[in-house]
1. If you take the Cα atoms of region 97-174, find Rg, then find the Kirkwood Rh from the mean of 1/r over all pairs, what is Rg/Rh?
2. Taking 8 Å as the Cα distance limit and 6 or more residues as the minimum spacing, I'd like the relative contact order of region 26-94 as a percentage.
3. Could you pull out every one of the aspartates and glutamates with an alpha carbon less than 16 Å from that of Lys233, ignoring same-chain neighbours closer than 8 positions?
4. Skip the ligands, DNA and RNA, and give the accessible area per residue of region 143-219 with a 1.4 Å probe, whole Å².
5. In whole Å, how far is the Cα centre of region 1-74 from that of region 146-217?
6. Set Lys and Arg Cβ to +1 and Asp and Glu Cβ to -1, take the dipole of the chain about its Cα centre, and tell me which of Met290, Tyr243, Ile58 lies farthest positive.
7. Taking the alpha-carbon distance from Lys143 and a cut-off under 24 Å, which lysines remain once sequence neighbours fewer than 8 residues away in the same chain are dropped?
8. Under 12 Å from the Cβ of Gly269, count the other residues' Cβ atoms, weight Lys and Arg +1, Asp and Glu -1, and hand me the total.
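The values are calculated or read from the model by the stated rules, or taken from the named source; none is laboratory data. These numbers come from a predicted model, not from an experiment. Please note: Cβ atoms are built from the backbone with ideal geometry, for glycine as well, and neighbour counts cover all protein chains shown. The accessibility values were calculated without ligands, DNA or RNA, using every heavy atom of the protein model including side chains. Shrake-Rupley method; radii C 1.70, N 1.55, O 1.52, S 1.80 Å.
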Amino acid sequence: MAELIDFTWGHANRGGHHDWPFLMALKQGFFVDEGINLRIQVVPGGDALAEAMGRGEIQVGRMGTPPFLAAVGNRVLRGKIIASSVIGNLDHFIFVVRPDIPEPAALRGKTIGVLSCGSCDGHLMRLELRRAGLDPDRDVTYKELWQDYGKLDGLASGELAAQLLGEPAVSSGEMRGILRVVEPVSRAEPHFQWGLLVAREDFIAEQPDRLRRLLRAYLRGVQYCVAHPQETKALACSHTPTYGPPVIDRALTRTLPYWNVTGQVDMQGVAVAVETMVSLGAIPRRLSPMELVDTSGLPINFPGGAL
């Protein structure tokens, strides 16, 4: 067997269901099949991960559209979208509040938890607050959680009044009575390409074969998870022991039907994301969706079938 090539894939956070295809691909040896010894490096916050990629410390990353667009628009990173992650749209991002908050308008004067102000939830929470009739710059206070993002301690203690969360944290909080679901963020913006796999432009140009092998292994992991939900449940339970099987089962039931299993990017959703970021004042200029995306590394013959 040929010697494996060490490679690091940067992630903007840890613990959500967007991790499960990577974990499954590692367990099943799909990256090894491609000659790659993959290491996952968590750089908390999409903005921090984009900065690390901009410095050349990481070549390929998993992050959300808002920090990626902010980094490219502000010339922090010369990068491209190479695929959608499984959480392609905002159906997967849930606006939650403490049970004692009767409606989002009651968040005035409260503290809201975000991964970081430059990460997905830092930007997208502003949409939800505007939708509630609040001024996101003046009516609330933000607490950046960094490596503690996804933990429910702040909501449980009463320090935080609201967050944007994904699974399985949402199901866990619901079952423990810590939070109440208001709505998925897709209610505020129904057509928005959210979860991304991204790469530096020079890596795409100089390492096209390695890029194809990375994406092929990842998509095999996605496909295996969907085809074997009980194995996925067991894997998720083993890697997130703080969540019991009922929580993971509920999370899988809620999310698997909406997974993006092909990696194809919703170009209209990218355009909406660009317009949203411009409207929020997060990027100084409109970026061309066509210039932001390079899916040349995706398997040509993969519509959800065998790779």
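1. On the way: Rg = 11.5 Å, Rh = 12.4 Å.
Result: Rg/Rh = 0.92.
2. On the way: 37 pairs, mean separation 16.2, N = 69.
Once normalised by length, the contact order is 23 percent.
3. The reachable aspartates and glutamates, counting only those whose Cα sits under 16 Å from Lys233, are Asp19, Glu167, Asp249.
4. Details: 3010 Å² over 77 residues.
Counting only protein heavy atoms, the per-residue value for region 143-219 is 39 Å².
5. With region 1-74 and region 146-217 each reduced to a Cα centre, they are spaced 14 Å.
6. Farthest towards the positive end: Tyr243.
7. Lys143 reaches Lys110, Lys151.
8. Working: positive: none; negative: Asp91, Glu189, Asp266, Glu275.
Summing Lys/Arg as +1 and Asp/Glu as -1 gives -4.
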